[in-house]
1. Looking at region 184-208, which of the residues that are among the polar types (S, T, N, Q) and either under 22 Å from T83 (Cα atoms) or not in a loop (DSSP other than H, G, I, E, B) (or both) is modelled with the highest pLDDT?
2. Name the single residue, out of those in region 126-139 being more than 16 Å from the chain's Cα centre (by Cα) and either in a strand (DSSP E or B) or in contact (Cβ under 8 Å) with a residue 40 or more places away in the chain (or both), that is surrounded by the most Cβ atoms within 10 Å (Cβ to Cβ).
3. For G142, are the conditions met, namely being surrounded by fewer than 13 Cβ atoms within 10 Å (Cβ to Cβ) and not in a strand (DSSP E or B)?
4. Tell me which of these A71 doesn't satisfy, since it passes every other one: (1) surrounded by fewer than 22 Cβ atoms within 10 Å (Cβ to Cβ); (2) more than 20 Å from N180 (Cα to Cα).
5. Could you grab me the full set of residues in region 171-197 that are free of Cβ contacts under 8 Å to residues at least 12 places away in the same chain and farther than 21 Å from S90 by Cα?
6. So in region 175-209, with the set limited to residues that are of a type in the set (D, E, K, R) and touching a Leu at 6+ places or on another chain (Cβ under 9 Å), which one is surrounded by the most Cβ atoms within 10 Å (Cβ to Cβ)?
Amino acid sequence: MISGFFSASGADPGAPFVGAYSVFAVVGLDCESGTASRAGVSKSLVDFDGEAGLHYRNNSGRNDIVAAKVARDSSHVYFYVRTAAPITPSTGSNWMWLMIDSDQNPSNGWQGFDFVVNRVVESDSITWLEKNDGGWRWKKVGPVKFRVQGNELHLAIPRKMIDQGKTAQPVKLDFKWADNLQQPGDPLDFLESGDVVPEGRFKYRYTSR
């Protein structure tokens with residue numbers, strides 16, 4: 001049933017959610033220049049384009065997220081997301097959150113998420129990684145570089161900052177993108193406000209080889 005749901009929502013039904021280099025090929029993200037080398041990228045996790053408004057009117061939809069990718073090297077984990085239209089300014093409220101479950105353990109953190117990025121944005125190139133401090137409380141861990149170009153957002157997070165610092169070990173984490181939630185701290189808002197990928201309370205899983 002779950003695989004059918006993702007197929008219906010626009011995800012590639014042949015793409016497994018574990019096994020990084022079949023789901024996410026290595027993407028070279030340069031957060032200084034904003035360039036991205038995507039040679040060899042075979043598949044990405046996608047979201048159905050234009051779902052908002054099909055069943056009821058909700059004006060909180062802002063950035064319609066249509067695709068997401070992840071890669072890693074020895075020092076960083078790189079996140080990429082694409083929207084249907086140019087991404088709105090980072091000064092907007094509850095803007096383009098990346099939520100990370102770094103230990104793939106749903107019993108700790110907030111709803112299993114140990115870290116959040118973009119809840120606090122410093123400038124047009126620096127944002128903050130925050131770690132869960134119980135409930136819907138977060139404390140700053142460190143600054144993170146990001147770049148927006150049109151409808152694409154690139155993030156480069158040092159591995160050690162999200163507890164993936166052992167370079168000889170594979171990266172294993174779950175993640176979710178959310179934009180313009182109206183009730184921060186309420187997991188049911190994933191079903192109601194803004195745009196989230198994957199849908200509802202699902203998470204994407206990334207495991208490198």
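The values are calculated or read from the model by the stated rules, or taken from the named source; none is laboratory data. Only a predicted model underlies this, so the values are computations on that prediction, with no experimental measurement involved. Glycine gets a Cβ as well: all are built from the backbone with ideal geometry, and neighbour counts include every protein chain shown.
1. T207
2. The residue in question is N132.
3. no
4. (1)
5. Selection gives D186, L188, L191.
6. First, pick out the residues of region 175-209 that are of a type in the set (D, E, K, R): 176, 179, 186, 189, 192, 195, 199, 201, 203, 205, 209.
Remaining after also requiring touching a Leu at 6+ places or on another chain (Cβ under 9 Å): 176, 189, 192, 199, 201, 205.
On the way: K176: 24, D189: 17, E192: 14, E199: 17, R201: 14, R205: 19.
For region 175-209, the residue satisfying everything is K176.
Yes/no matrix, rows are residues, columns are (1) under 14 Å from the mean Cα position of the chain (by Cα); (2) under 17 Å from K203 (Cβ atoms); (3) modelled with pLDDT of 95 or more; (4) in a strand (DSSP E or B):
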| residue | (1), (2), (3), (4) |
| --- | --- |
| N63 | yes, no, no, no |
| F79 | yes, yes, yes, yes |
| P89 | no, no, no, no |
| D124 | no, no, no, no |
| H154 | yes, no, yes, yes |
| T167 | no, no, no, no |
| P170 | no, no, no, no |
| F175 | yes, yes, yes, yes |
